[in-house]
Amino acid sequence: MKNKIALYGDAEKLKQIEDVLSKCLNKNDIPFEIHRVSDSEQFLREFLLKDNFRLFMVSKKGTVLYLMKIYKNFDRQTARYTCGTLKFPLTQAGLTNHMLEVFNSSHPCPYSAYAAKNGKMSRIILHRDIECIHWEKTKSVLYLCNGETMDVPESQSRILTELDANYFIKCSKGYIVNFFNIEQISDDYKSIIMKSGAEIPMSRSGQKQLFKSLSLSITGINAFYY
C-alpha cells in the first residue's frame, strides 16, 4: 500500500521538498506516491478532502506547513490529524527528528506491562515506564523513566519476546530502547538521546529498526522486509 502525499506551492520549492521526502522514504523502503499541484482550487477540491491521503504539505513564505494523518494505536481503525510547521529548505535530519517529536508528544506507549523478576522481588512494570534495557555482564538492567533501575537475570533476546519488538528497538549491542521514550537522534544517526538525557550508541542495524518503528507509526503498517 502506497502512502499518498499531496504538495502545494511554488514548483521550485516543491521540487526541493519532494527530493528530501523521496530520499528519506526510499532510504527506509516506505512505499509512497507524491502529487504536486500549484492551483489552490485543485488542491482543495481534488486532494485535501480525499480520505486516502496521508500527508499534505504547503510551501509558504520560508516555511512548510503540514497536515498528517496518524493512526492511533497503529491498528488502522482509528485515525486523527496533526499539523505543524517545518523550516524551508527541508533536510532529512530535520524532517526525521521533527516527525519523531510529533509522535512522542501525541502517543503514549500503547502496550501493556512486563513482569520483571529477580532473586529479591517480582514487579509489574508498564512498557511506557521503561526507557531502555542494558546488558551488563550476566544480567539485564531496566532503566525506568522515573530514574529507578531493576536487574533481571534474563537475556535481551528473552526479554524481547515479552515486549513488542516493533517499538522496543535493539539499537546496538547490549542496548534496547523504548521508541516512545526517544527524545532525538544525532545528525550522523550514530546515537540516540533519550528523554532522560542519556545518550545511547546506535549501530547500522539499529538505524534500520528505528526507522522501521518510525514508519510503522506513520503508516500503520509494516513496510519493511527485514
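The values are calculated or read from the model by the stated rules, or taken from the named source; none is laboratory data. Because the structure is predicted, anything quoted here is derived from the model rather than measured. Because the Cβ atoms are built from the backbone with ideal geometry, glycine has one as well, and the counts that use them run over all protein chains shown.
Annotations
- Region 49-69, residues that are more than 16 Å from ALA6 (Cβ to Cβ) and at pLDDT below 85: LYS61
- Among the residues listed as ILE200, ILE193, the single one being in a strand (DSSP E or B) and under 14 Å from the mean Cα position of the chain (by Cα): ILE193
- In region 144-169, the residues that are more than 21 Å from LEU210 (Cβ to Cβ) reach residues that are of a type in the set (S, T, N, Q) with C-beta atoms within less than 6 angstrom, at least six apart or across chains, in these pairs: ASP151/ASN118; VAL152/ASN118; VAL152/SER140; GLU154/SER140.
- Residue check for PHE74: at pLDDT below 90, under 23 Å from GLU162 (Cα atoms) and within 22 Å of the chain's Cα centre (by Cα): yes
- For region 179-198, the criterion of being among the polar types (S, T, N, Q), exposed (fewer than 14 other Cβ atoms within 10 Å of the Cβ) and closer than 30 Å to LYS4 by Cα is met by none of the residues.
- Region 143-172: number of residues that are acidic (Asp, Glu), assigned to a loop (DSSP other than H, G, I, E, B), under 18 Å from GLY119 (Cβ atoms) and touching a strand residue (DSSP E or B) at 6+ places or on another chain (Cβ under 8 Å): 1
- When the test is whether a residue is free of Cβ contacts under 8 Å to residues at least 24 places away in the same chain and touching a strand residue (DSSP E or B) at 6+ places or on another chain (Cβ under 7 Å), GLU183 does not pass it.
- Of note, SER140 does not satisfy the criterion of being in contact with a strand residue (DSSP E or B) (Cβ under 8 Å, 6 or more places away or on another chain), closer than 23 Å to ALA113 by Cα and assigned to a loop (DSSP other than H, G, I, E, B).
- Residue under evaluation GLN207, criteria (1) assigned to a helix (DSSP H, G or I); (2) surrounded by fewer than 18 Cβ atoms within 10 Å (Cβ to Cβ); (3) among the polar types (S, T, N, Q), criterion not met: (2)
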